[in-house]
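One structure below.
A short reminder: the numbers here are calculations on the coordinates, not readings from a lab. Quick caveat, the model's predicted, so the values are computed rather than measured. Note that each Cβ is placed from the backbone with ideal geometry, even for glycine, and that neighbours are counted across all protein chains shown.
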Amino acid sequence: MPEKLRGFRDFYPEDQEIRREIFETMMEECRRFGFREVDGPSIESVDLYAHKSGEEIMGQMFNFIDKGGREVTLVPEFTPTLARMVASRKDLIKPLKWYTLAKFWRYEEPQSGRFREFYQLNADILGSDSLHADVEVLNLASSIMKGLGLGNKVKLKISSRTLLDDIIKYLNIGKKDSLYYLLDRWIKISDKEKDSLISEIGISKENLELIVTGKIIEELKSPNLDRLIKIMDEFNEYSTIKIELDLKIVRGLAYYTSTVFEIWDLDEKMRAIMGGGRYDNIISQMNGDYTPAVGFGMGDAVLENLLKREGLWYEKEKKRVFISIADDKGRKYSYYVSKKLRESGIMVDLNVTERNLGKQIEYAAKMGFKYSIILGEREFTNKIISIRDLITGEQFSINLEDAIIKLKNS
Ligand code: HAM
């Protein structure tokens, strides 16, 4: 039997239908917040990511030389594409509120919540440097969590790179990049690696403790801290999910300029469900107009793990009916009946085999249909339809109009 590639997933209907509902909830929430849908290519030039996404993403690209000799890659994330799209159009009316839900590819080590191919929702506001834009994207992310039933199962962790830079200055720390790296990897690296980074940075245990616990903000005066606190206060005006300042949130991507945030499960047993922040410079770096931006990416994989853990990974009940066909007259009648039912919004499947009636009903029950409509000569001649409740076994005949009302309401 041929095998699928490591880090890739097959999406069978029983899970994909649930995934699709979740995606619809996410996108519906984006639209309710006034975000408009966009999309981009699945392949981009490797150059697009150089110096923008950072070393980690550069090392994880699915890159190859195409037939024209160009070095291209499957897109590892949406932000550089988004920046390119905005940079190349001078006529766009800003601020823009854009979202997309697409597949992305990263050559990562597959593990729980991490694949080489994944879906990610991106929502970004481009063209506003106001903290209100930060608050709006955070409120959107929190509303999505609430819409998925996770409002009290997750928390938002937030920090700011400019604030961290103030702290670095205040504490006189020389090796900024190593400190960023240490904080970003805090829960992922071993104590040994931590110790060697700490001695490389030359930071005292006391000062590191002040950063890791966040206590440093009690003694620091900084407009960047005031801004962050204002964002958190305004977020609390709208949203109910827990928010906490965590200076260990620096994020792996190179382009973030100030606010950075992630959503985690409450006890932080999983990975980040969502990550994002403010990136004010990429668009001008691509020779576009100066366009400060803020947004997030939310993947499907950790979300799925969390929804499963919380017992929320199930399909909301759909009004589905299966039409079983008894004879030739029933087949002819089934085209009329199925069309009417589908036009009224009911999801209708019908027998496409030569199986006998008993086997058709058995199939419908096994597939989890609640009702089977049975059509034969009697139903055709009397212009009625017979409905069997597959759970109770009860069967009755009614006219089509009444059947539509019943099936829609049951
Ligand atoms: P990111 O932190 O690389 O940010 O990814 C955001 C989210 O995408 C993660 O928290 C995770 O849920 C999901 N994700 C990332 N990599 C994988 C993977 N290999 N397998 C499964 N899920 C994954 C970005 O991508 C930024 N471009 C987000 C952004 C948008 N920032 C501003 N706007």
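Data for the structure
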{"item": "Backbone HN-Hα couplings from phi across the range 91-107 [Karplus 6.51/-1.76/1.60, Hz, Gly and Pro as x]", "result": "8, 6, 8, 9, x, 9, 10, 10, 9, 8, 10, 8, 8, 10, 10, 9, 7"}
{"item": "Length added when fully stretched, Lys230-Val46, from 0.36 nm per residue minus Cα-Cα", "result": "62.4 nm"}
{"item": "In nm, spacing of pseudo-spin labels at Asn287 and Phe64 (7 Å Cα→C-beta vector)", "result": "3.0 nm"}
{"item": "Dipole in debye (nearest 20) - the chain, about Cα centre, beta carbon charges: Lys, Arg +1; Asp, Glu -1", "result": "1080 debye"}
{"item": "11 Å beta-carbon shell around Phe380, net charge (K/R +1, D/E -1)", "result": "+1"}
{"item": "Spacing of the two label points (7 Å from each Cα toward its C-beta) at Leu5 and Thr381, in nm", "result": "6.1 nm"}
{"item": "Cβ-based exposure ranking for Thr240, Thr353, in which fewest neighbours within 10 Å come first", "result": "Thr353, Thr240"}
{"item": "Dipole of the chain, positive end: most advanced residue of Gly299, Met347, Ile22 [Cβ charges, Cα centre]", "result": "Met347"}
{"item": "Alpha-carbon Rg with Dmax, taken over the range 353-410, Å", "result": "11.6, 31"}
{"item": "Whole-Å semi-axes of the ellipsoid equivalent to the range 1-99 (Cα gyration tensor, √5λ, descending)", "result": "26, 26, 11"}
{"item": "Cα→Cβ-extended label distance, 7 Å offset, between Glu193 and Lys176, nm", "result": "2.4 nm"}
{"item": "Near-label residues of the range 143-178 by backbone N, under 13 Å of a point 7 Å along Cα→Cβ of Glu200", "result": "175-178"}
{"item": "Estimated dipole of the range 267-393 in Debye, rounded to 20 [Cβ of Lys and Arg +1, of Asp and Glu -1, Cα centre]", "result": "660 debye"}
{"item": "Proxy reagent accessibility, fewest Cβ within 10 Å first, across Glu218, Glu136", "result": "Glu218, Glu136"}
{"item": "Calculated FRET value between Lys146 and Glu21, using beta carbons and R₀ = 22 Å, to 0.05", "result": "0.90"}
{"item": "Around Arg9: net Lys/Arg minus Asp/Glu count, Cβ-Cβ under 12 Å", "result": "+1"}
{"item": "Top of Glu29, Glu200, Glu315 by mean-square fluctuation, Gaussian network on the chain, Cα under 10 Å", "result": "Glu200"}
{"item": "Neighbour net charge for Asp402 - beta-carbon separation under 14 angstrom, K R +1, D E -1", "result": "+2"}
{"item": "Residue-averaged 222 nm ellipticity for the chain, from DSSP H runs of 4+ at -39500 (n - 2.57), nearest 500", "result": "-11500 deg cm²/dmol"}
{"item": "Charge dipole (debye, nearest 20) of the range 30-132; +1 at Cβ of Lys and Arg, -1 at Cβ of Asp and Glu", "result": "480 debye"}
{"item": "Average Cα contact separation per residue, the chain, under 8 Å, 6 or more apart, as relative contact order %", "result": "15 percent"}
{"item": "Taking only Cα atoms of the range 220-298, radius of gyration then Dmax in Å", "result": "14.1, 43"}
{"item": "Mean-position separation - Cα centroids, the range 263-300 and the range 127-182, in angstrom", "result": "9 Å"}
{"item": "Globularity ratio of the chain, using Cα Rg and 2.2 N^0.38 Å", "result": "1.25"}
{"item": "Top of Ser112, Ser190, Ser130 by mean-square fluctuation, Gaussian network on the chain, Cα under 10 Å", "result": "Ser190"}
{"item": "Of Glu394, Glu28, Glu234, the one that fluctuates the most in a GNM where the chain has Cα springs shorter than 10 Å", "result": "Glu394"}
{"item": "Set of the range 32-73 residues, backbone N closer than 11 Å to the point 7 Å along the Cα-Cβ line of Ile93", "result": "none"}
{"item": "Cα lying deepest toward the dipole's positive end in the range 79-200, options Ser130, Ser178, Thr79, charges on Cβ", "result": "Thr79"}
{"item": "Charge dipole (the chain, unit charges on Cβ, about Cα centre) - positive-most of Ser338, Ala272, Gly202", "result": "Ser338"}
